[in-house]
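The structure appears below as structure tokens.
Read-outs: derived from the displayed coordinates by stated rules, not from any lab. These figures come from a predicted structure and were not determined experimentally. Here Cβ is always computed from backbone atoms with ideal geometry, including for glycine, and neighbour counts include all displayed protein chains.
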């Protein structure tokens with residue numbers, strides 16, 4: 001069964017510093033990859049997704065992610081974070097067809113002023 | 001604004017009771033999925049409906065059941081509530097493929 005590992009449960013970072021949130025998935029077959037953000041007491045908002053094509057995907061709020069098939073990774077990056085980026089971030093994968101999203105356990109990003 | 005509305009936003013139930021959570025999707029969204037998100041965890045897939053038929057289920061017991069209606073609304077029903085059912089329940093809808101899904105704000109269920 002497909003699984004997603006988010007290697008860091010918590011990431012503290014100073015405002016305006018760069019950040020990388022790591023995500024690895026278990027399967028090497030065709031996959032579709034997603035990053036979602038969840039603010040306190042909110043649902044999930046899609047940041048970006050990789051379905052096909054360019055391995056560098058740009059999303060909302062200045063985030064981007066790179067799909068690396070050989071390393072089965074889909075790490076999320078932002079060159080300069082803001083206080084408002086403080087939230088929980090979830091990596092998710094679909095393995096094929098209309099199978100459901102499989103989520104990682106999440107990474108809590110805390111931006112420090 | 002995702003166009004997916006869940007109700008209620010919060011509720012408290014007693015162990016052993018039954019609960020119904022509701023989700024209203026955008027017009028044309030034929031697929032709806034429900035997820036359970038326990039505190040400090042990622043969302044876990046409960047089941048999915050496509051055009052009013054269940055077409056996928058996660059590792060949840062039969063006391064978790066659902067319905068999808070022609071007007072793009074859906075329900076999640078949980079019978080014989082247990083303390084471990086306390087979680088945020090998320091509804092996600094999409095016109096077809098789950099990759100286009102939009103999530104609602106969730107319903108926070110507390111079982112005491």
Legend entry - Residue mean of other protein chain beta carbons inside 10 Å, B:52-58: 1
Inset, instruction - Please report how far the C-alpha centroid of region B:39-87 lies from that of region A:8-25, rounded to the nearest whole angstrom. - result: 32 Å
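When Cβ neighbours within 10 Å are restricted to other protein chains, what is their mean count per residue of peptide A:101-108? Write out the running numbers ahead of the final one.
Working: counts 11, 5, 7, 3, 3, 5, 0, 1.
Taking the mean over all residues of the peptide, I get 4.
Kindly state, to the nearest 0.05, the FRET efficiency for residue B:79 paired with residue B:57, given R0 = 22 Å and r defined as their beta-carbon distance. All intermediate terms of the calculation are to be shown ahead of the outcome.
Values: r = 16 Å, r/R0 = 0.72.
About 0.90, to the nearest 0.05.
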Inset, instruction - Take chain B, compute every pairwise Cα distance, and split them into 5 Å bins from 0; I just need the percent in each bin. - result: 2, 13, 25, 26, 19, 10, 4, 0
Legend entry - Normalised contact order of region A:1-102, rounded percent, pairs of Cα under 8 Å and 6 or more residues apart: 35 percent
Legend entry - Stokes-Einstein D (µm²/s) once Rh is taken as the Kirkwood radius of region B:28-90 over alpha-carbon pairs, at 10 °C in 1.306 mPa s: 130 µm²/s
Inset, instruction - Considering only A:102, A:81, A:29, give the residue with the highest GNM mean-square fluctuation for chain A, with springs between Cα atoms whenever their separation is below 10 Å. - result: A:29
Legend entry - Gaussian network model of chain A, Cα within-10 Å springs - most flexible of A:55, A:86, A:99: A:99
Inset, instruction - Sort A:1-12, B:18-29 for me by packing, meaning the mean count of neighbouring Cβ atoms within 10 Å per residue, highest on top. - result: B:18-29, A:1-12
Inset, instruction - Using Cα centres only, tell me the gap between region A:70-90 and region B:1-37 in whole Å. - result: 28 Å
Inset, instruction - Give the calculated FRET efficiency between residue A:9 and residue B:14 to the nearest 0.05, with a Förster radius of 25 Å applied to their Cβ-Cβ distance. - result: 0.20
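Would you tell me the mean number of C-beta atoms belonging to other protein chains that fall within 10 Å of each C-beta in B:29-42, as a whole number? Provide the component values of the computation, followed by the final result.
Working: counts 0, 0, 1, 0, 3, 1, 5, 0, 7, 0, 0, 5, 5, 15.
Averaged over the peptide's residues, the number is 3.
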Legend entry - Selected from B:40, B:58, B:16 as most flexible by GNM, with chain B as the system and alpha-carbon contacts under 10 Å: B:40
Inset, instruction - Could you calculate the contour length gain from residue B:7 to residue B:22, that is, 0.36 nm times the residue separation minus the distance between their Cα atoms, to one decimal place in nm? - result: 4.9 nm
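Based on the Cβ-Cβ distance from residue A:39 to residue B:110, what FRET efficiency comes out when R0 is 22 Å, to the nearest 0.05?
Working: r = 20 Å, r/R0 = 0.92.
Once the sixth-power term is evaluated, E becomes 0.60.
Ratio of Rg to Rh for the protein assembly as shown, alpha carbon only, Kirkwood? Intermediate values should be presented prior to the final figure.
Values: Rg = 17.4 Å, Rh = 18.0 Å.
With Rg and the Kirkwood Rh in hand, the quotient comes to 0.97.
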Inset, instruction - Express the C-alpha Rg of region A:1-68 as a ratio against the empirical globular expectation 2.2 N^0.38 Å, rounded to two decimals. - result: 1.20
Inset, instruction - Note down the relative contact order for chain B as a percent, whole number, built from C-alpha pairs under 8 angstrom at least six residues apart. - result: 38 percent
Legend entry - Kirkwood Rh and Cα Rg combined as Rg over Rh, evaluated for region A:11-108: 0.95
Legend entry - Residues of region A:20-51 with amide N under 18 Å of a point placed 7 Å along Cα→Cβ from residue A:112: A:20-21
